[in-house]
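Reviewing the structure listed below.
Values quoted throughout were computed directly from the atomic coordinates according to the rules given, and no laboratory measurement underlies them. It should be emphasised that the depicted structure is a prediction, and the values quoted were computed from it without experimental measurement. All Cβ positions, even for glycine, are placed from backbone atoms using ideal geometry, and neighbour counts span all protein chains on display.
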Amino acid sequence: MIKKHIRIGLPLLALILAPAASFAQGGAAPAAPGGRTPNQDAVLDRVALVQRMDAQVPLDTPFRDETGRTITLRDCFRGKPVLLNLIQYRCTMLCSEEMKILAESLKQMTFDIGKQFDVVTLSIDARETPELAADYKRGYVRDYGRPGAEQGWHFLTGDKASIQRVADAIGYRFVYDPAKDQFAHPDGITVLTPQGRVARYFFRLEYPARELRLAVVEATNRRIASPTDLLALVCYHYDPVMGRYDIAFMRLVRIGGLFTVLATAGGIFLFNLRERRGARREAAAAPESEG
């Protein structure tokens, strides 16, 4: 099992968020290291995304959907891959940026929420209510603008124990800071198989639409792959350290070498074929010349 630790620290967040990033709700520290307190340093040291590839999320965990109805996580799995992200709905910093980038990527994808895959957005704050989740859902589903998304995009809230079970399963480490009444947490999109197993991670606020599509395809064992997807998966491989798909250079070299061998063999075959045909023509013309 591959385990990678991605910690959210000052240099990364300062670059990702803004020059004046703060510790508030998004889990970022002040831009100037000297402005942090020892307590803030201790909190941030416990924030991480620990990759747990192929881990099973607890599908029997109870939550409340945006209507206030009690469901289990299993109810959000309908035989399709699921993109799972954990945020705080009231967060105005890292969470807002994560949702903005994710929403834009979802609109750029040629797959549709509710058709080829579903999305679960889960609050990490047990104090947040289904009413707040419903407000979030209305805004994002309206902005997404594709039919079927209202059935496929779930905005959940739950108690502390339920939230922690799911967070632990995917390696999402977040911390509540009582001194500021805020949460420090990493960003991250986890791609789950239709059976609820971890297939891929995306983080560092980079969720490219094409790579999300490839992750969804792979989560279904390529059952929904188009010829273009299959070609892309030959040329790209998933890098768990970076949380993205990179060009498989050696694979391209091998493919290029194979094409070179085939082209050379084809050229030799055609050359020999022409030689044999030429020899036959000469042999057929020889008796006429002698007469």
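Yes/no per residue for (1) among the acidic types (Asp, Glu); (2) crowded, with 16+ Cβ neighbours inside 10 Å; (3) touching a Ser or Thr at 6+ places or on another chain (Cβ under 6 Å):
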residue: Glu97; (1), (2), (3): yes, yes, no
residue: Ile113; (1), (2), (3): no, yes, no
residue: Gln116; (1), (2), (3): no, yes, no
residue: Asp125; (1), (2), (3): yes, yes, no
residue: Gly139; (1), (2), (3): no, no, no
residue: Trp153; (1), (2), (3): no, yes, no
residue: Ala161; (1), (2), (3): no, no, no
residue: Arg165; (1), (2), (3): no, yes, yes
I'm checking my understanding of the structure. Among residues of segment 65-94 that are buried (at least 19 other Cβ atoms within 10 Å of the Cβ) and in a strand (DSSP E or B), which one is nearest to the chain's Cα centre (by Cα)? Leu83
From the list Pro194, Pro208, which one is touching a residue at least 60 places away in the same chain (Cβ under 8 Å), surrounded by fewer than 17 Cβ atoms within 10 Å (Cβ to Cβ) and over 21 Å from Ala133 (Cβ atoms)? Pro208
From Asp187, Asp181, Asp177, residue being touching an Asp or Glu at 6+ places or on another chain (Cβ under 7 Å) and of a type in the set (Asp, Glu): Asp187
Taking segment 45-59 and keeping only residues that are in a loop (DSSP other than H, G, I, E, B) and either surrounded by fewer than 16 Cβ atoms within 10 Å (Cβ to Cβ) or touching a helix residue (DSSP H, G or I) at 6+ places or on another chain (Cβ under 9 Å) (or both), one is left with Arg46, Gln51, Arg52, Asp54, Ala55, Val57, Pro58, Leu59
Do you know which of the residues in segment 131-151 that are among the small types (Gly, Ala, Ser) and in contact (Cβ under 8 Å) with a residue 40 or more places away in the chain is nearest to Leu73 (Cα to Cα)? Ala133
Would you mind telling me which numbered condition in (1) of a type in the set (A, V, I, L, M, F, W, C); (2) over 19 Å from Ala199 (Cβ atoms); (3) touching a residue at least 24 places away in the same chain (Cβ under 8 Å) Ala161 fails? (3)
